[in-house]
Structure formats: structure tokens, C-alpha cells
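The values are calculated or read from the model by the stated rules, or taken from the named source; none is laboratory data. Treat the numbers as computed from the prediction; the structure is a model and nothing was measured. Cβ placement follows ideal geometry from the backbone for every residue including glycine, while neighbour counts extend to all protein chains displayed. With ligands, DNA and RNA removed, areas are computed over all heavy atoms of the protein, side chains included. Shrake-Rupley method; radii C 1.70, N 1.55, O 1.52, S 1.80 Å.
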Amino acid sequence: MSARTVILGLVREALAAIRTQHAVTAVTVLLLAASSFTVVTTAGRAAASQAAVLSTIDARGTRTILVQAKGAVEGVDEQFLATLARVADVEAATGFGPVTDVTAAANPDGPRLGVRQAYGVIGGRLLTQPEPGPAGVLLWTSPAASRVVGLPPGAGSVRAVDGGEYLISRSLEVPDYLSGFEPLAVIPATPREPGAAPRPVSTVVVLTRSPESVGVVTTLITRLLREAPPDQLTIQTSEGLAALRKAVGGEITRSSRGLILGVLGAAALTSALTVFGYTMLRRKDFGRRRALGATRMTIVLLIALQVMLTAAFAAALGVGVALAYQALRHQPVPPAGFSAAVAIAITALATLAAVLPATLTARRDPVRELRVP
Amino acid sequence: MTPAAETPLLHARNIGFRYGRRESDYRFDDWTASFPRGAVTALTGPSGCGKSTRLYLLALMLRISSGSIELDGERVDDLPDGARAALRANRFGFIFQDAALDTSRTVLDNVVETALYRGERKRDLHTRARELLDELGVAVPADRKPGEVSGGQAQRIATCRALIGRPDVIVADEPTGNLDPASAQVLLGALRRHTDQGAGVIIVTHDPGVAAWADHRIELSAS
Ligand SMILES: Nc1ncnc2c1ncn2[C@@H]1O[C@H](COP(=O)(O)OP(=O)(O)OP(=O)(O)O)[C@@H](O)[C@H]1O
Ligand SMILES: [Mg+2]
């Protein structure tokens with residue numbers, strides 16, 4: 001005899017019990033499907049809206065640090081950007097120089113657009129001018145910026161109010177954390193001349209890899225700029241937003257945790273009672289099995305498997321119906337991980353809860369059970 | 001005869017047992033009995049004298065409080081519960097006083113039930129199960145449920161279940177109690193064929209004819 005044969009035999013026997021014991025199967029399925037449904041439609045909704053709120057907060061930039069200098073401030077320059085770019089917790093650092101107003105070259109009296117000298121990286125792209133060629137200085141504009149001066153995205157030329165002319169060479173996709181700078185038009189910096197002093201920037205936007213690292217990176221920036229006169233410098237962080245994010249996460253999790261625990265606890269208790277009632281009704285059946293040679297372990301496994309398979313079906317059913325119901329009512333659908341966790345928790349708890357009554361059954365005297373007519 | 005052949009199949013040596021602690025509870029002490037291979041031993045006596053109790057003790061379903069029980073010369077009464085269950089599954093066949101069938105499963109499922117406890121595949125026993133049902137004259141479809149058969153048929157289905165694992169010992173508690181004489185003959189014939197293959201059968205009976213038919217008789221007196 002192989003372990004495989006024994007396990008397959010037990011699973012078949014449990015499935016046969018599920019098929020023939022209609023009453024206990026129906027009660028268990030109803031009970032556990034209803035529990036799963038309740039958790040997904042209540043706590044699941046909370047989890048879904050929590051996920052939505054958090055992603056909104058993240059989009060607003062819980063990971064950004066803004067450094068602004070009044071005029072040229074010692075240390076706030078392209079060298080500072082290069083240093084930041086090498087920090088592991090920093091995903092991107094962008095520096096902006098002073099703003100110059102431009103108009104469409106063909107329409108000098110038309111609407112004005114502010115363009116900025118830019119250093120570092122935007123959206124994963126290094127901001128740098130090609131070697132100056134006959135084309136002149138190139139400009140990258142976002143679609144919104146092109147619209148301001150009435151040009152098609154990524155094309156055309158503009159002229160500065162003070163006379164310089166720029167060719168728009170690229171349509172810029174503005175990342176979320178820079179949306180505050182829209183309409184955004186940048187003049188990528190020319191490569192630094194060897195030996196030349198680093199050019200100053202007036203605004204630096206730093207994007208950290210996670211909301212948690214905002215604090216560390218801010219400390220680092222403060223240290224790098226400790227020589228700068230404090231009245232000429234402001235450092236703004238999204239730590240406020242990060243705190244809000246944490247609060248939102250914790251709050252919703254705490255309120256739904258109580259609910260989830262309540263429902264799961266009730267499901268486990270009623271499942272244990274159902275199994276107890278079932279084994280009491282079928283005590284002669286289990287007594288016969290013991291008398292015929294089933295070990296106590298076999299009895300416990302049979303009952304636990306029967307409950308586990310029923311519970312898995314019920315949980316999948318309850319979660320599936322709940323998700324469909326939420327989608328139909330255009331309610332937020334919880335993340336897949338949450339639904340899977342609910343189904344697994346319900347199944348595991350119901351199975352665990354069955355072990356106590358199953359053990360009691362396995363320990364009953366088979367002869368006494370057989371004598372009961 | 002070789003010494004091994006002289007070793008009884010099952011031997012109860014000075015066994016004692018009591019159901020509870022009260023003075024009025026059924027009890028006995030110092031009972032010795034021997035059950036040989038290849039033979040039918042009948043256990044007789046008035047109602048309530050402890051025949052079924054002794055069968056359950058010999059078949060390792062109850063624990064004796066003194067003495068010892070040996071199977072093939074090896075002590076088995078002091079084994080842990082799991083080992084006793086394994087012996088019940090592999091070495092014993094049971095026919096209970098009432099048939100004790102699983103009413104939720106088919107006749108065929110009932111006959112092959114013990115395969116699960118021996119770690120065998122039930123499917124492998126289906127052919128033999130049908131042959132046994134034929135042999136015992138259970139003329140009902142094998143997918144019928146026990147609730148849909150007569151008492152005598154149920155007792156014969158239980159006999160098929162006892163025989164299917166070719167056990168060394170069959171303990172039978174009034175197996176012919178519900179049967180007409182012709183069916184009783186068929187059932188006893190099947191048990192006899194089983195002892196012919198070397199097994200031992202212990203049969204509790206109130207029927208003097210069955211007791212006379214057995215090879216050995218042990219008469220218990222009223223307690
Ligand atoms: N669990 C128990 N607790 C206490 N006494 C019991 C228990 N089970 C059986 N008895 C008693 O033990 C005695 C022997 O019972 P047993 O069933 O062995 O008798 P029996 O000889 O098989 O009788 P019958 O011929 O009627 O089947 C009876 O007096 C019975 O009432
Ligand atoms: Mg009896």
C-alpha cells in the first residue's frame with residue numbers, strides 16, 4: 001500500500017460523504033458562502049476603497065521633496081543633482097533654472113509660455129542638449145504646453161521675449177509628481193564644460209523610491225545644503241501626505257479587521273457546531289468504521305477533508321458571487337489578493353474548527369456506538 | 001503436527017473484563033478459551049451472558065482488564081490503539097448482531113468499505129465483491145442502498161464485507177438470526193469454505209442446529 005493510495009482513498013471517501021450527506025453539505029456551503037460573501041462585500045469594499053485612496057495619495061506625490069532657492073544659492077546646482085541621483089533611495093531628481101517667457105515664433109504677440117532650463121532626469125530621460133548644431137537650441141514641451149502657444153505636440157518653434165529662438169524637438173510626457181509644473185516646457189541643459197563651475201538651479205524636485213524613504217532623503221538633503229543661508233532656501237516634503245497615507249491605511253484596516261475577525265470567528269464556531277451535530281447524528285457510522293479497522297487518525301482525516309473540500313467550494317462560491325455582485329452594482333472590487341485571502345482563511349478556519357469534534361468522534365467507544373440501534 | 005500448527009489462531013488467557021465501576025455492571029474474570037485455525041467455534045449461552053462482549057474483546061474492539069490475548073501466539077491485547085485498528089482491518093472480519101451497514105452508500109460500496117482501512121484500492125475489489133454477493137445469493141442490484149434491502153439480505157451483505165479481505169479470523173454475532181433456513185445454509189457454507197482455506201471462525205448463536213454444525217462449542221453460563 002502506498003501513501004498515494006491511502007490519500008486518494010480518503011479524498012474519494014470524503015467526496016462520497018459530501019455527495020451523500022446532503023444536509024450537512026448544504027448547511028456548511030450556505031453558512032461559509034454567506035460568510036465569505038459578507039466579508040468581501042463589507043470589509044472587501046473597505047479594502048477596495050482603501051487601495052483607491054492610497055493610489056490617489058501616491059499619485060499626488062507622497063514621494064516627492066521640493067527644494068527651492070531664492071536666486072543662486074551655494075550648493076543648489078547641477079553637482080547637487082548628480083549627488084542625489086546616486087542615492088539608492090532616490091528614483092529621480094530634476095533641477096529647474098529660472099523661467100523665460102516664449103511665444104510661438106510665428107505669433108510673437110500670442111499667448112506666452114514659461115520655459116525653464118532643466119537638469120537631471122525627467123520620466124527616466126536624461127535632460128541634455130545634443131552638441132549644438134545648425135538647428136539651434138532644442139526645447140521639450142508637454143502637449144499642454146504646446147497647446148498654450150497653439151502648436152501641435154512636439155513640433156514647431158518658439159521665440160523668447162528677449163530674442164532667442166528654440167526648436168521644439170520632443171513631446172514631453174509629464175510624470176504625476178511633476179504635474180504641479182504644468183504646462184511644462186524645458187530646455188535640456190547643455191553638457192557641462194570640463195573644468196567649468198557647476199551651474200546653479202533654482203528648484204529641485206526629488207522623487208524617492210517609496211513614501212517611507214522621504215524622511216531619510218530629506219535629512220540627507222538638509223545635510224548636503226547645511227552651508228546654504230536658511231532664509232534663501234525652502235525644503236518642502238510630502239511627509240504630511242505620507243502621514244495621511246499611513247493614517248488612511250491604518251484606519252480602514254483597523255475598522256475592517258474587527259469585522260473580518262467577527263465574521264470569521266462566527267463562521268468557525270458555527271462550522272464546529274455543525275460538524276459536531278453531524279458526527280453525533282452519524283455516530284453509528286463512525287463507530288462501525290472504527291470497529292472495522294479505521295484508526296482514529298483516519299476518522300479525523302475523513303471528517304476534516306470532508307469539511308475542507310466543502311468549505312473550499314463554499315468560500316470560492318461566496319467570494320465569486322460577492323465579486324460579481326460588487327461589479328454589477330459598480331461598487332469597488334477588492335484586490336485579488338484580498339479575495340483569495342478571505343477564501344483561504346474561511347476554508348482553513350472551518351477545517352481547523354472541525355478537528356475538535358472530529359477528534360471527539362474518533363475517541364468514542366466503537367462498541368457502544370454499534371450497540372445503539 | 002508441527003508446534004506451529006498447535007499454536008491456536010486466537011487464544012484468550014485468563015482474561016477479565018468489566019463494563020463499569022458499579023457493582024451491578026456486567027463483569028467476568030479469568031476466562032480462558034482457544035480458537036483453532038481451519039475450524040468454526042460456536043459460542044452459546046443465554047441472552048445477556050456476555051457472548052457479544054467476548055467477541056468484541058477477542059476482536060480487539062474492547063480492552064481486557066486482566067489476562068492476555070494472543071493472535072498466532074503473539075500478544076496483541078496490549079498494543080496501542082492504532083496497531084489494534086490495523087489488526088482489525090487486516091486480520092479480522094466482522095459480522096455484527098445487526099448488519100451495521102452504511103445506509104448512505106450502495107451495497108457494493110459497503111462490501112468494499114474495509115479496503116480504505118487496509119490501504120487498498122476499492123476499485124480493485126469490485127469484481128470479488130460481486131462474486132461474493134452472487135455466492136451469498138444477494139439478488140439485488142449492487143448500486144441499491146441498504147435501506148432498500150431486506151434484513152436477511154443486509155446480513156448477507158455484511159457477510160460479504162467480512163469475507164472480502166480474506167481475514168484470518170471472522171467473528172460473527174448471530175449471523176443467521178434473520179435468515180430463512182435455506183439462506184442460513186448458504187451463509188454457513190460460505191463461512192465453511194473460508195475455514196477450509198485455513199481461517200478461523202467464531203460464531204455466536206442461539207440456534208442449536210448451527211451450534212451442532214460447528215466444529216467446536218463453548219457454552220457460557222448465565223452471569
Ligand atoms: N456499555 C455497557 N455498560 C454496561 N453494561 C453493558 C454494556 N454493554 C452491555 N452491557 C451488559 O453486559 C452484559 C452482556 O452483554 P452482551 O451483549 O455481551 O450479551 P449477549 O450474551 O451477547 O446477549 P444477547 O444474546 O442478548 O446478544 C449484558 O447484561 C449487558 O446489559
Ligand atoms: Mg449479543
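Only one of the numbered conditions (1) open to solvent by 20 Å² or more (accessible area, probe 1.4 Å); (2) within 30 Å of residue A:14 (Cβ to Cβ); (3) within 16 Å of ligand 2 (Cβ to nearest atom) is not met by residue B:87, and that is (3).
Is at least one residue of the stretch B:103-110 within 10 Å of chain A (Cβ to nearest Cβ), outside any strand (DSSP E or B) and open to solvent by 40 Å² or more (accessible area, probe 1.4 Å)? So far as the stretch B:103-110 goes, yes, one or more of its residues are within 10 Å of chain A (Cβ to nearest Cβ), outside any strand (DSSP E or B) and open to solvent by 40 Å² or more (accessible area, probe 1.4 Å).
Sub-9 Å Cβ pairs linking a first residue in the stretch A:70-83 that is touching a residue at least 12 places away in the same chain (Cβ under 8 Å) to a second residue that is open to solvent by less than 50 Å² (accessible area, probe 1.4 Å) and polar (S, T, N, Q), at least 6 apart or interchain, are A:70/A:202; A:71/A:202; A:72/A:202; A:73/A:202; A:76/A:202; A:76/A:203; A:81/A:94, ordered by first then second residue. Filtered by the rule that a residue be closer than 17 Å to residue B:221 by Cα and either within 13 Å of ligand 2 (Cβ to nearest atom) or among the polar types (S, T, N, Q) (or both), the stretch B:7-37 gives B:14, B:26, B:32.
Mind counting the residues in the stretch B:188-208 that are of a type in the set (A, V, I, L, M, F, W, C) and over 15 Å from residue B:42 (Cα atoms)? Full working, then the answer.
Taking the stretch B:188-208 as the starting set, the residues that turn out to be of a type in the set (A, V, I, L, M, F, W, C) are B:188, B:190-191, B:199, B:201-204.
Now restrict to residues that are over 15 Å from residue B:42 (Cα atoms): B:190.
Residues meeting the conditions: 1.
Conditions tested, residue by residue: (1) at pLDDT below 95; (2) more than 8 Å from chain A (Cβ to nearest Cβ).
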| residue | (1), (2) |
| --- | --- |
| B:79 | no, yes |
| B:83 | no, yes |
| B:92 | no, no |
| B:98 | yes, no |
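Being at pLDDT 95 or above and either within 14 Å of ligand 1 (Cβ to nearest atom) or charged (D, E, K, R) (or both) is the requirement here; does residue B:44 meet it? Against the criterion (at pLDDT 95 or above and either within 14 Å of ligand 1 (Cβ to nearest atom) or charged (D, E, K, R) (or both)), residue B:44 qualifies.
In the stretch B:116-130, of all residues being more than 10 Å from chain A (Cβ to nearest Cβ) and touching a residue at least 24 places away in the same chain (Cβ under 8 Å), the one that is surrounded by the fewest Cβ atoms within 10 Å (Cβ to Cβ) corresponds to B:128.
Restricting attention to the stretch B:38-59, the residues that are surrounded by 15 or more Cβ atoms within 10 Å (Cβ to Cβ) and either within 11 Å of ligand 2 (Cβ to nearest atom) or without any contact (Cβ under 8 Å) to a residue 40 or more places away in the chain (or both) add up to 10. Against the condition touching a strand residue (DSSP E or B) at 6+ places or on another chain (Cβ under 6 Å) and open to solvent by 40 Å² or more (accessible area, probe 1.4 Å), how does residue A:125 come out, does it pass? It is false that residue A:125 is touching a strand residue (DSSP E or B) at 6+ places or on another chain (Cβ under 6 Å) and open to solvent by 40 Å² or more (accessible area, probe 1.4 Å).
Each row is one residue, and each column tells you yes or no for (1) open to solvent by less than 40 Å² (accessible area, probe 1.4 Å); (2) over 21 Å from residue A:120 (Cβ atoms).
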| residue | (1), (2) |
| --- | --- |
| A:143 | no, yes |
| A:150 | no, yes |
| A:159 | no, yes |
| A:163 | no, yes |
| A:167 | no, yes |
| A:176 | no, no |
| A:181 | no, no |
| A:189 | yes, no |
| A:197 | no, no |
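None of B:172, B:222, B:211, B:154 is within 14 Å of another protein chain (Cβ to nearest Cβ), of a type in the set (Gly, Ala, Ser) and within 16 Å of ligand 1 (Cβ to nearest atom) except B:172. Residues in the stretch B:60-84 that are part of a strand (DSSP E or B) and crowded, with 18+ Cβ neighbours inside 10 Å: B:69, B:71. Checked against (1) under 20 Å from the mean Cα position of the chain (by Cα); (2) open to solvent by 10 Å² or more (accessible area, probe 1.4 Å), residue B:113 passes all but condition (2). On the stretch given as the stretch B:71-83, residues that are touching a residue at least 12 places away in the same chain (Cβ under 8 Å) and either touching a Ser or Thr at 6+ places or on another chain (Cβ under 6 Å) or within 20 Å of residue A:285 (Cβ to Cβ) (or both) total 2. Taking the stretch B:27-37 as the range and being open to solvent by 60 Å² or more (accessible area, probe 1.4 Å) and within 13 Å of ligand 1 (Cβ to nearest atom) as the test, only B:27 passes. Within the stretch B:9-26, being in contact (Cβ under 8 Å) with a residue 40 or more places away in the chain and either open to solvent by 10 Å² or more (accessible area, probe 1.4 Å) or on the phi > 0 side of the Ramachandran plot (or both) holds for B:11, B:13, B:14, B:17, B:18, B:26. Residue B:77 meets the conditions (1) more than 21 Å from residue B:15 (Cβ to Cβ); (2) more than 16 Å from ligand 2 (Cβ to nearest atom) in every case but one. The failed one is (1). Checked across the stretch A:274-289, the condition of being touching a Phe, Trp or Tyr at 6+ places or on another chain (Cβ under 9 Å), of a type in the set (A, V, I, L, M, F, W, C) and open to solvent by less than 10 Å² (accessible area, probe 1.4 Å) holds for no residue.
Determine whether the stretch B:119-133 contains at least one residue that is away from ligand 2 (no atom under 16 Å from the Cβ), in a helix (DSSP H, G or I) and among the acidic types (Asp, Glu).
From the stretch B:119-133, those away from ligand 2 (no atom under 16 Å from the Cβ) are B:119-133; that's our starting set.
Remaining after also requiring in a helix (DSSP H, G or I): B:122-133.
Okay, now just the ones that are also among the acidic types (Asp, Glu), so B:124, B:131.
Yes - at least one qualifying residue is present in the stretch B:119-133.
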